[in-house]
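Peer 1: Quick one: the structure is below, and I'll ask about it shortly.
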Amino acid sequence: MLKYILKRILMVIPVLLGVTVIIFLITRVLAPDPAPVVLGEHATTEAMAAWRADNGLDDPIWLQYINFIVGALQGNLGTSYYTHQPVTAEIAARFPATAELAICAIIVASIVGVALGVLAAVKKNKAADNVSMLIALVGVSMPIFWSGILLILLFSGILHWLPSSGRVSPLLQPSGGTGFFILDTIMQGNWAGLADVLVHLILPTLALSLYSMAIITRMTRSSMLETLNADYIRTARAKGLSKGSVNIKHALRNALVPIVTVIGMQIPVLFGGAVIVEQLFSWPGLGLMTMSAILNRDYPVIMGVCLLSAVVVLLANLVTDIVYAVVNPAIQYD
């Protein structure tokens, strides 16, 4: 297993290099000149030329790329055109908000999706199956921005049950810590703050997890139906084992490999959806920062976030492969 993990880590290097080449070409060659946007439409030609020279945009493209790679290897992703702060510092400040939202979303999507999928498979062609598949159909068909708007209108605008924006009320925000508000409030014993953080998480988590939950539900149902028709399941039933033991211990465990694959594939979907969800709910994470950077042509920030996203996706794929061996010991890695 260790040899396999090291091999996969080494394979990450050329993939990341390919990602950096694509991102760099898009932001430095194909994208419009950022100088007029950064300096304003009334800036003189001389001022824009001086700004490009100061930011190294007049250097040959190959030299710009080499400088970017050397800086990235040293943990320096450049400086934001607008805040004049290191990109690594801005990403570090925003990453906990996005990670907390994405983790909550994948947990909700996995638990609810697997539960609905198992229920639909066990109750095939019955009311529970039809309801589960209807929920999955709605989740797959409805865009994230639309489901988010509907959730805000219903639970915040009409019922006034849940807040529509932000991570926490200002007076209850934890001071210092890791930036993960759930963890920080628990460590500080701030139980009122924890409750407020969880309340603020409900709507964005639901909006972000709905599509992934629907995909996991459909895959779980399909995998469970195939497993429930296997010979060893009929043998387990013939031995007089309880339905719960047969469905969970035998059928679900053997159906988990494709389900784990789908869950792992939802990680990049959640990071992409976070851009939309954070806009809707004013969530101060990487998605909100990325959208602002795109509108303002803040290319160092865009490149830093894209590089981080690539690393997260590659790590998620590695973890998914490792989980295969946990859920199915028959899988061995050389």
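Peer 1: Provide the per residue accessible area, probe 1.4 Å, for the stretch 215-334, rounded to a whole number of square angstrom.
Peer 2: Accessible surface, normalised per residue, equals 47 Å².
Peer 1: Let me ask something additional. So what's the convex hull volume per residue for the Cα atoms of the chain, in Å³?
Peer 2: Value for the chain: 186 Å³ per residue.
Peer 1: Net charge near Asn130, counting Lys/Arg +1 and Asp/Glu -1 over other residues with Cβ under 13 Å of its Cβ?
Peer 2: +3
Peer 1: Out of residues 5 or more away from Thr79 or on other chains, whose amide H comes under 5 Å of its own, with H placed 1.01 Å from N in the peptide plane?
Peer 2: Val87
Peer 1: Another question, then. Write out the chymotrypsin sites (Phe, Trp or Tyr not before Pro) in the stretch 90-178 meeting two conditions: DSSP loop, and at most 12 other Cβ atoms within 10 Å of their Cβ.
Peer 2: Of the chymotrypsin sites (Phe, Trp or Tyr not before Pro), the ones in loops of the stretch 90-178 whose Cβ has at most 12 other Cβ atoms within 10 Å are Trp161.
Peer 1: Quick one: 3J(HN,Hα) in Hz for the stretch 230-241, Karplus 6.51/-1.76/1.60 with θ = phi - 60°, rounded, Gly and Pro as x.
Peer 2: Result, ordered by residue: 6, 5, 5, 6, 5, 5, 4, 5, 5, 6, x, 5 Hz.
Peer 1: I'd like the distance between the alpha-carbon centres of the stretch 1-68 and the stretch 142-179, rounded to an integer number of Å.
Peer 2: Spelled out, the Cα-based centre of one part sits 35 Å from the other.
Peer 1: Please give the helix 191-228 orientation as an angle from the longest Cα principal axis of the chain, in degrees from 0 to 90, rounded to the nearest 10.
Peer 2: The helix 191-228 is inclined about 50 degrees to the chain.
Peer 1: Moving on to the next point. Counting only protein heavy atoms and a 1.4 Å probe, tell me what percentage of the chain's accessible area is made up of carbon and sulfur.
Peer 2: 68 percent
Peer 1: Just to confirm a number: summing +1 for Lys and Arg and -1 for Asp and Glu over residues other than Leu201 whose beta-carbon lies under 13 angstrom from that of Leu201, what do you get?
Peer 2: Summing Lys and Arg as +1 and Asp and Glu as -1 gives -2.
Peer 1: For the Cα atoms of the chain, what angle does the longest principal axis make with the long axis of helix 45-54, in degrees from 0 to 90, nearest 10?
Peer 2: Result, in degrees: 60.
Peer 1: May I ask you to list the trypsin sites (Lys or Arg not before Pro) in the stretch 207-298 that are in a DSSP loop and have at most 14 other Cβ atoms within 10 Å of their Cβ?
Peer 2: Qualifying residues, ordered by number: Lys239.
Peer 1: What ratio of Cα Rg to 2.2 N^0.38 Å holds for the stretch 207-334?
Peer 2: Dividing the Cα Rg of the stretch 207-334 by 2.2 N^0.38 Å gives 1.43.
Peer 1: Give the total of Lys-Lys pairs in the chain with Cα-Cα distances below 20 Å; include a pair only if its members are 8 or more places apart or on different chains.
Peer 2: Lysine pairs meeting both conditions in the chain amount to 6.
Peer 1: In degrees between 0 and 90, to the nearest 10, how far off the longest principal axis of the chain does helix 253-280 point, with axes built from Cα atoms?
Peer 2: Helix 253-280 sits roughly 40 degrees off the main axis of the chain.
Peer 1: Okay, next question. Across the stretch 1-109, what fraction of all alpha-carbon pairs, as a whole percent, falls in each successive 10 Å bin from zero upward?
Peer 2: Computed distribution, short to long bins: 11, 29, 33, 18, 7, 1, 0.
Peer 1: I would also like to ask the following. Quick one: accessible area per residue over the stretch 1-86, 1.4 Å probe, rounded to a whole number of Å²?
Peer 2: 66 Å²
The values are calculated or read from the model by the stated rules, or taken from the named source; none is laboratory data. Note that this is a predicted model, so its numbers are computed, not measured. Please note: Cβ atoms are built from the backbone with ideal geometry, for glycine as well, and neighbour counts cover all protein chains shown. SASA here: full protein model, heavy atoms, side chains in, ligands and nucleic acids out. Shrake-Rupley method; radii C 1.70, N 1.55, O 1.52, S 1.80 Å.
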